[in-house]
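The values are calculated or read from the model by the stated rules, or taken from the named source; none is laboratory data. These figures come from a predicted structure and were not determined experimentally. A quick note on method: Cβ atoms are made from the backbone with ideal geometry, for glycine too, and the neighbour counts reach across all protein chains shown.
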Amino acid sequence: MLERVLERQENPDCNTDPDDLTGVTIDSIASSVPQHRIPQDLAQSLATRIFGKRYPDFCRLVGTFENAGIQSRYSVCPSDWFMEERSWPERAECYLRGAVSLYRDVASKALLASGHDASEIDFLVTVSSTGVATPTLEARVLAEMGFRRDVKRVPLFGLGCAGGVSGLSIATRLAQSEPGAKVLFVCLELCTLSFRSDRLRKADIIAAALFGDGAAAACLSADGGSACQIVAGAEYTWPDTLNMMGWDVDDVGLGVIFDRSIPAFVTENLPPALNYCLDVMGTDRRSIARFVCHPGGAKVVDAIETSMKLEPGCLDVERDVLRDFGNMSAPTVLFVLERVLRNGVSGNLVLTALGPGFTLSTLQVRCDG
């Protein structure tokens, strides 16, 4: 696929229509976190008590907590819940209870901010990869929140950290599919429930230093009523990278796959893939006012700035969100977008996120100041 980029650069007459998503606007963005705040020093203390005497190299990895760029994160469970080994049914119960509550809260915020009533929503798109719910989350709140009985439900699983951008792109296409359609997009992850004290693996300790719980929601409409319009989207999946990020599944639950090479891989491989996505979207990099990036971790943010040749420190909002909430997987990039828009940034914005696959997902949003 990257050959297409080179072909277009060498032959300006080689035109392919961009991935056009125009006509859909973002009417509101909202975010929410659960009630239990876990400061980073408490997370480090808990991890030391759990892993310190059992994992030979823990003393070498404990610095991950100090260098992660995180001051706090939030969890659906109190901190002492993690001191005992938990079964799959226990994790599933906490996921359903916490996810339904968080869905209700963030969806209500987004609807209120948009001025839309729940009964006006035509599509419910839900992204979540940290638990299993059947019936799905939106079905569990459908009646009490007042969604119509004929509302179309689209649950999405397995997108991981890219889910905020990929899911928003899918929600946009659904909004385009029907004249005047309104879509509620909810992106919700309870990453802390995947904490594993039974596995003595480096990836699990790094995950304990990075991940938190959170949700974001956006109301979209195809009536052009907002000053923030989605323009285009594109994705690129690298070959032979299935083992870079994802889940192991066993009798106890989900276990994180988190390759140590991700920062180096991003530094080396992100630029051509990003150029491909920008080309597919018909976007001139010089027209971009700001990239809005998923902050997977402090090292990943540094790698993004380096590889994309951005000014050092320009991803300040990304670092602020990471500091305040940790890596919440899919919703995190929407937390960043919410703050960027609140700060009054306007013009062409390009959202980026990296997730299992290994995939780069991008979305262009044009916001008038």
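Test of understanding: among Thr172, Thr192, which residue is closer than 30 Å to Pro56 by Cβ, crowded, with 23+ Cβ neighbours inside 10 Å and polar (S, T, N, Q)? So that I can check it myself, show each step before the final result.
Working: Thr172 fails: closer than 30 Å to Pro56 by Cβ.
Just one listed residue meets the conditions, Thr192.
If I ask for residues that are under 18 Å from Ser72 (Cβ atoms), in a helix (DSSP H, G or I) and touching a helix residue (DSSP H, G or I) at 6+ places or on another chain (Cβ under 7 Å), which ones from region 323-342 would you list?
Phe325, Thr332, Phe335, Val336, Arg339
Might you let me know whether region 75-89 holds any residue that is surrounded by 14 or more Cβ atoms within 10 Å (Cβ to Cβ), more than 23 Å from Pro331 (Cβ to Cβ) and among the hydroxyl-bearing types (Ser, Thr, Tyr)?
no
Out of the strands (runs of 3 or more DSSP E) lying entirely within region 59-157, which hold 1 or more residues that are closer than 21 Å to Ala222 by Cα? Walk me through how you get there before you give the answer.
Details: elements: 72-75, 123-127, 152-156.
The qualifying strands (runs of 3 or more DSSP E) are 123-127, 152-156.
Mind checking which pairs have a first residue in region 304-332 that is outside the structural domain of Leu193 (by TED's automatic domain parsing) and free of Cβ contacts under 8 Å to residues at least 40 places away in the same chain and a second that is assigned to a loop (DSSP other than H, G, I, E, B) and β-branched (Val, Ile, Thr), Cβ under 9 Å, 6 or more apart or different chains?
Val317/Val345
What is the number of the single condition among (1) touching an Asp or Glu at 6+ places or on another chain (Cβ under 8 Å); (2) closer than 18 Å to Thr332 by Cβ; (3) assigned to a loop (DSSP other than H, G, I, E, B) that Val301 does not meet?
The single condition Val301 does not satisfy is (3).
Which condition from (1) in contact with a Leu (Cβ under 7 Å, 6 or more places away or on another chain); (2) small (Gly, Ala, Ser); (3) not in a helix (DSSP H, G or I) is the one that Gly255 breaks?
Tallying (1) in contact with a Leu (Cβ under 7 Å, 6 or more places away or on another chain); (2) small (Gly, Ala, Ser); (3) not in a helix (DSSP H, G or I), Gly255 fails exactly one: (1).
Which one is nearest to Ser31 (Cα to Cα) among residues in region 88-130 that are without any contact (Cβ under 8 Å) to a residue 60 or more places away in the chain and acidic (Asp, Glu)?
Only one residue fits best here, namely Asp117.
For region 284-306, what are the residues that are out of contact with any helix residue (DSSP H, G or I) (no Cβ under 8 Å at 6 or more places or on another chain) and either within 14 Å of Val321 (Cα to Cα) or of a type in the set (S, T, N, Q) (or both)?
Across region 284-306, the qualifying residue is only Ser287.
Leu310 - would you say it is surrounded by 21 or more Cβ atoms within 10 Å (Cβ to Cβ) and of a type outside the set (Val, Ile, Thr)? If you could, list the steps in order and put the result at the bottom.
Working: surrounded by 21 or more Cβ atoms within 10 Å (Cβ to Cβ): no; of a type outside the set (Val, Ile, Thr): yes.
Answer is no for this residue.
Of the residues Gly167, Gly160, Gly131, only one is in contact with a Pro (Cβ under 6 Å, 6 or more places away or on another chain) and either surrounded by fewer than 19 Cβ atoms within 10 Å (Cβ to Cβ) or assigned by TED's automatic domain parsing to the domain that holds Leu190 (or both); which? Talk me through it step by step, then tell me what you get.
On the way: Gly167 fails: in contact with a Pro (Cβ under 6 Å, 6 or more places away or on another chain); Gly131 fails: in contact with a Pro (Cβ under 6 Å, 6 or more places away or on another chain).
Criteria check complete, one pass: Gly160.
For (1) at pLDDT 95 or above; (2) not small (Gly, Ala, Ser), each residue gets a yes or a no:
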{"site": "Gly167", "(1), (2)": "yes, no"}
{"site": "Glu178", "(1), (2)": "no, yes"}
{"site": "Leu190", "(1), (2)": "yes, yes"}
{"site": "Ile205", "(1), (2)": "no, yes"}
{"site": "Ala227", "(1), (2)": "no, no"}
{"site": "Val252", "(1), (2)": "no, yes"}
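Consider region 242-277. How many of its residues are within 16 Å of Gly160 (Cα to Cα) and surrounded by fewer than 17 Cβ atoms within 10 Å (Cβ to Cβ)?
Final tally of qualifying residues: 6.
Residues are listed down the side, and each one gets a yes or a no for (1) polar (S, T, N, Q); (2) surrounded by fewer than 24 Cβ atoms within 10 Å (Cβ to Cβ):
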position	(1), (2)
Ala330	no, no
Val336	no, no
Gly347	no, yes
Leu351	no, no
Thr362	yes, no
